[in-house]
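A short worksheet on the structure shown next.
The values are calculated or read from the model by the stated rules, or taken from the named source; none is laboratory data. These numbers were taken from a predicted model, which means no experiment stands behind them. All Cβ positions, even for glycine, are placed from backbone atoms using ideal geometry, and neighbour counts span all protein chains on display.
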Amino acid sequence: MISFEGFTLLILFFILAPIIGAIALLFLFIFEKRIDLLENRNVKIELEKELQQALYNQLNQQIQPHFLFNTLNVILSLARLNRTRELVRALEVLSQFLKFKYKSTESLISLRREIDYTEQYLEIQKLRFGSRLSIRMDFADDLLIACIPPFVLQTLVENAFKHGLERKMGEALLQIRISSDEDKVRLEVIDNGSSSVEDIVQELSLAQEPVHEKSGHGLDNIRRRLHLCFGDHAHLMLTPLEEGGTHVLVEWPYVICDPYENEVRG
């Protein structure tokens, strides 16, 4: 025969068992919801990353038709003048330029690769301008391993020609300086072109637009890609020079690239 204490414990068991079961089910339900929430959050983060990567690739592959048309005109002029050697070289450089432009999908490359790519662009411009174009480049070798979003330097140089140097009478001077300031890289592109005040104001307004605004404009393209890579730690400034021309300064965090991932690829 069951004792009073045993009977009491049995009653308590039958009373508490459903409560404990309900509490366990509640915890399982909360835990399952928490897992679903984390999974949904991870899916959202992955989607945002994919969208940002797609946007970045789209920005990377933009090319200003202005440069392409001018380059084709140079090639046409060389062909008409039967300057075969220069014509072949122009076609080779243009091919390499476009190959890298549309092949590169990395978010960051080394400054060495960016400079090599920009020099291909400058070689085409030298064919156009001849001896009246002077180019000065100043940078320390230890900065060549720093990371940079692709086409930043090339786009700044392209803008210098499009908005200034192409209108310049006489000597056209382009200066490229790369230096470090504590934990940042400083890139300066200076030209003595004849940019109008209206051009500079337009460039400044586009370079300061909110990030969600979309434009294929050169400086706006750079600003948006810098923001995607470095957030608010990167800056772009444009300053008109009193003696004529424009000074562009870009700063971003000094991050070292993997030398094996950033070798020039054929």
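Scanning the stretch 88-109 for residues that are in contact (Cβ under 8 Å) with a residue 24 or more places away in the chain, buried (at least 17 other Cβ atoms within 10 Å of the Cβ), assigned to a loop (DSSP other than H, G, I, E, B) and over 15 Å from the mean Cα position of the chain (by Cα) turns up nothing. Please work out if residue 116 is surrounded by fewer than 21 Cβ atoms within 10 Å (Cβ to Cβ) and without any contact (Cβ under 8 Å) to a residue 24 or more places away in the chain. The answer is no for residue 116.
Once the stretch 141-174 is narrowed to residues that are modelled with pLDDT of 90 or more and in contact with a Cys (Cβ under 9 Å, 6 or more places away or on another chain), the residue that is surrounded by the most Cβ atoms within 10 Å (Cβ to Cβ) is 148. Scanning the stretch 240-266 for residues that are surrounded by fewer than 13 Cβ atoms within 10 Å (Cβ to Cβ) and at pLDDT 70 or above gives 242, 243, 256.
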